[in-house]
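Working notes, structure below.
The values are calculated or read from the model by the stated rules, or taken from the named source; none is laboratory data. Computed from a predicted model, the values in this text were never measured in an experiment. Cβ coordinates were reconstructed from backbone atoms using ideal geometry, including for glycine residues, and neighbour counts include every protein chain displayed.
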Amino acid sequence: MLSTTWVVLLIVALLTVLIASWILTLLGIPGNWIMIAAVVAYDVLLPTNSACHIGWLWVGALVLLALLGEFLEFIAGAAGVAKVGGTRLSACLALVGSMIGGIVGVIFPLGWLLPVIGQVLGVLFFASAGALVGAMLGEDWHGRDLNDSFRVGMAAFWGRLLGSIAKSLVGGVMVAVTTAGVFL
């Protein structure tokens with residue numbers, strides 16, 4: 001049987017990893033999935049008869065939430081492009097552009113604005129700008145004029161941005177659900 005000290009240390013470690021993972025989600029890293037891995041490790045390390053044991057039902061709920069976050073992020077970007085009549089190529093290039101932009105945002109963060117918030121804003125901005133550029137390239141390759149390409153690009157920009165925010169909000173819900181699972 002684990003002593004109370006070890007249980008408290010496990011809980012503190014879990015909550016620390018959850019919050020760090022949520023911040024990673026804001027930076028474009030799959031923090032929601034890191035949260036699930038941390039909860040599984042916590043669940044395995046803690047005896048099933050402990051009052052703070054989470055259980056596989058809670059883990060299943062977290063997996064469903066993580067999948068919802070991925071779906072929201074994907075559908076927001078694709079729906080933005082499709083809504084304004086963008087091509088599939090534009091949607092694919094918006095996805096590639098947002099990945100490249102996210103990497104650029106990590107390498108060249110807007111940290112000079114505010115240390116942590118600047119990095120988050122940098123990744124969100126550059127990933128969204130990458131989606132804009134990718135979608136515009138896709139439309140340009142299909143022979144659309146600059147105005148149409150820009151309109152599709154802006155839809156990709158806002159879709160990516162809103163999708164990232166939605167995924168991060170789901171990550172916050174995952175932190176709350178896990179915390180409830182620990183203490184209920």
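When ILE36, ILE11, ILE23 are checked against the criterion of being farther than 14 Å from GLY181 by Cβ and hydrophobic (A, V, I, L, M, F, W, C), ILE23 stands alone in meeting it.
Within region 124-147, if we keep just the residues that are charged (D, E, K, R) and under 14 Å from ALA91 (Cα atoms), the residue that is nearest to the chain's Cα centre (by Cα) turns out to be GLU139.
Exactly one residue out of VAL84, VAL104, VAL96, VAL63 is touching a Phe, Trp or Tyr at 6+ places or on another chain (Cβ under 6 Å) and surrounded by fewer than 19 Cβ atoms within 10 Å (Cβ to Cβ): that is VAL104. Close contacts from region 78-106, counting a first residue that is more than 13 Å from TRP141 (Cβ to Cβ) and modelled with pLDDT of 85 or more and a second that is among the hydroxyl-bearing types (Ser, Thr, Tyr) and surrounded by 15 or more Cβ atoms within 10 Å (Cβ to Cβ), with Cβ to Cβ under 6 Å and a gap of 6+ residues or different chains, come to VAL81/SER90.
Filtered by the rule that a residue be at negative phi, surrounded by fewer than 22 Cβ atoms within 10 Å (Cβ to Cβ) and not charged (D, E, K, R), region 135-167 gives LEU137, TRP141, HIS142, LEU146, ASN147, PHE150, MET154, TRP158, LEU161, LEU162, ILE165, ALA166.
Of the residues that make up region 4-23, is at least one of a type in the set (Phe, Trp, Tyr), without any contact (Cβ under 8 Å) to a residue 24 or more places away in the chain and out of contact with any strand residue (DSSP E or B) (no Cβ under 9 Å at 6 or more places or on another chain)? Checked region 4-23: at least one residue is of a type in the set (Phe, Trp, Tyr), without any contact (Cβ under 8 Å) to a residue 24 or more places away in the chain and out of contact with any strand residue (DSSP E or B) (no Cβ under 9 Å at 6 or more places or on another chain).
Being modelled with pLDDT of 90 or more, among the β-branched types (Val, Ile, Thr) and under 15 Å from the mean Cα position of the chain (by Cα) holds for only one residue in VAL59, VAL63, and it is VAL63. Looking across region 34-86, the residues that are closer than 30 Å to LEU132 by Cβ and part of a loop (DSSP other than H, G, I, E, B) come down to VAL84, GLY85, GLY86.
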